[in-house]
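Step one of this worksheet: look at the structure below.
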Amino acid sequence: MAYQLQEINRRVRSGAAEFLAECDENYAQRVSLAADRILSNLEHSPIVLLSGPSGSGKTTTAMKIAEELLRRGVNSRAVAMDNYFLTQDPATVPRTPDGSIDYESPLCLDMDLLSQHFAALSRGEEILIPKFEFARQMRNDSLGTPLKLEKNEIAIFEGIHALNDDIAGRHPEAAKLYISARSNINEGAVLRFKGTWMRLTRRAVRDYSFRGTGVAQTLAMWANVRRGEKLYISPFRSRADIIFDSSLPYEVPVMKNYALPILQSVPENNERHDEMLELVKAFEHFEAIDPALVAQDSLLREFIGGGSYKYH
């Protein structure tokens, strides 16, 4: 699916608030469809596996699905699979072709523990969700969180490798979702903004605002992130019961406020300056939207901040 630039700019000029509300409602309908599929599978498994590449909005979507399920009388828990990372041994850690640690590899995850926990939860047993300390790059099981599912409760495990063969393949009974910002924006037949640029922009803005990472560094990592997607994530999306698009037609006009200043601040001698310049030129086609108009529960708040959800 592709959005049309002319229509986006027309809607921004004619009534941005109404445009945003309409887009958010369309996304809520996708979340509702996901909840339908999950509930229809509850008799087979209380486990939901939600996968998608970096910058897809998996965390917010998992929480929105949990809210929708609660409205229907079903309690659910969202679990970040990042906490199942293994404490890495430098001698055996997976590496990229250039020799750096391959943090995108599923071998960084404790697949066996995940499988054990899915089975235990399905039997009504209590598990201890581990805690991965990213600052120290180690897992600390003593800081774990207990979880036990009561009858008709659901656990949503979200992570980039949720549909990997070593996870979903061991538990075909689980409900499976794949999410990604996939829609390009065209002007007629001319491509103006790639769907992958939406995810890159989300990550660059979030990294800069909340993780102390400059946009040049994010761009430098992006090549390996994309490599990981093609190797470890996209090949398994056909496992999903539902594949849906997390792009919002209003997000490029909103992100223009955040992305342009940080992109334009990168020195011309940066090796990725040409890529950034291409992205800067793409933003110039869009009318800007005041970020204050973005709802507090919008998926976009995961990346720009100021939202009603808590992110760990």
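The values are calculated or read from the model by the stated rules, or taken from the named source; none is laboratory data. Here the structure is a predicted model, which means the values were calculated and not measured. We place every Cβ from the backbone using ideal geometry, glycine too, and count neighbours over all the protein chains shown.
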- Task: Output yes when any residue across the stretch 29-47 is under 16 Å from LEU299 (Cβ atoms), surrounded by 19 or more Cβ atoms within 10 Å (Cβ to Cβ) and among the hydroxyl-bearing types (Ser, Thr, Tyr), and no when none is.
- Result: no
- Query: Inside the stretch 11-37, can you point out the residues that are free of Cβ contacts under 8 Å to residues at least 40 places away in the same chain, within 20 Å of the chain's Cα centre (by Cα) and within 19 Å of ILE154 (Cα to Cα)?
  - Reply: VAL31, SER32, ALA35
- Please state which of the following conditions LEU248 fails to meet, knowing it meets all the rest: (1) out of contact with any Lys or Arg (no Cβ under 9 Å at 6 or more places or on another chain); (2) in a loop (DSSP other than H, G, I, E, B); (3) farther than 17 Å from TYR27 by Cβ; (4) touching a residue at least 40 places away in the same chain (Cβ under 8 Å). (3)
- In the stretch 167-179, what count of residues is obtained for those that are in contact with a Leu (Cβ under 7 Å, 6 or more places away or on another chain), outside any strand (DSSP E or B) and within 19 Å of GLU43 (Cα to Cα)? 2
- Message: Just the residues that are out of contact with any Ser or Thr (no Cβ under 6 Å at 6 or more places or on another chain), closer than 16 Å to GLY57 by Cα and either modelled with pLDDT under 95 or not acidic (Asp, Glu) (or both), please, taken from the stretch 238-253.
- Response: ILE242, ILE243, PHE244, LEU248, PRO249, TYR250, VAL252
- Task: Could you tell me which residue of the stretch 198-245 is surrounded by the fewest Cβ atoms within 10 Å (Cβ to Cβ), considering only residues that are touching a residue at least 24 places away in the same chain (Cβ under 8 Å) and among the hydroxyl-bearing types (Ser, Thr, Tyr)?
- Result: SER209
- Query: Does PHE132 meet the test of being surrounded by 17 or more Cβ atoms within 10 Å (Cβ to Cβ) and either of a type outside the set (Phe, Trp, Tyr) or under 13 Å from ALA155 (Cα atoms) (or both)?
  - Reply: no
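What are the residues in the stretch 274-303 that are assigned to a helix (DSSP H, G or I), farther than 16 Å from TRP197 by Cβ and out of contact with any helix residue (DSSP H, G or I) (no Cβ under 7 Å at 6 or more places or on another chain), if any?
Here is the first cut: in the stretch 274-303, the ones assigned to a helix (DSSP H, G or I) are 274-283, 291-293, 301-303.
The next check asks that each one be farther than 16 Å from TRP197 by Cβ; those that pass are 291-293, 301-302.
Selection gives ALA292, ARG301.
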- Message: Given the condition over 25 Å from LEU200 (Cα atoms) and free of Cβ contacts under 8 Å to residues at least 60 places away in the same chain, answer yes or no: does some residue in the stretch 46-63 qualify?
- Response: no
- Of the residues in the stretch 78-91, how many are closer than 19 Å to SER45 by Cβ and at pLDDT 90 or above? 3
- Determine if the stretch 47-58 includes at least one residue that is in a helix (DSSP H, G or I) and among the hydroxyl-bearing types (Ser, Thr, Tyr). no
- Matching residues in the stretch 74-84 - criterion: being more than 29 Å from ALA223 (Cβ to Cβ) and either touching a helix residue (DSSP H, G or I) at 6+ places or on another chain (Cβ under 6 Å) or without any contact (Cβ under 8 Å) to a residue 60 or more places away in the chain (or both): SER76, ALA78
- Take ASN224 and decide whether it is polar (S, T, N, Q) and modelled with pLDDT of 95 or more. no
- Query: Residue check: is ARG182 assigned to a strand (DSSP E or B) and of a type in the set (D, E, K, R)?
  - Reply: no
- Scanning the stretch 119-147 for residues that are among the small types (Gly, Ala, Ser) and modelled with pLDDT of 90 or more, the one farthest from the chain's Cα centre (by Cα) turns out to be GLY124
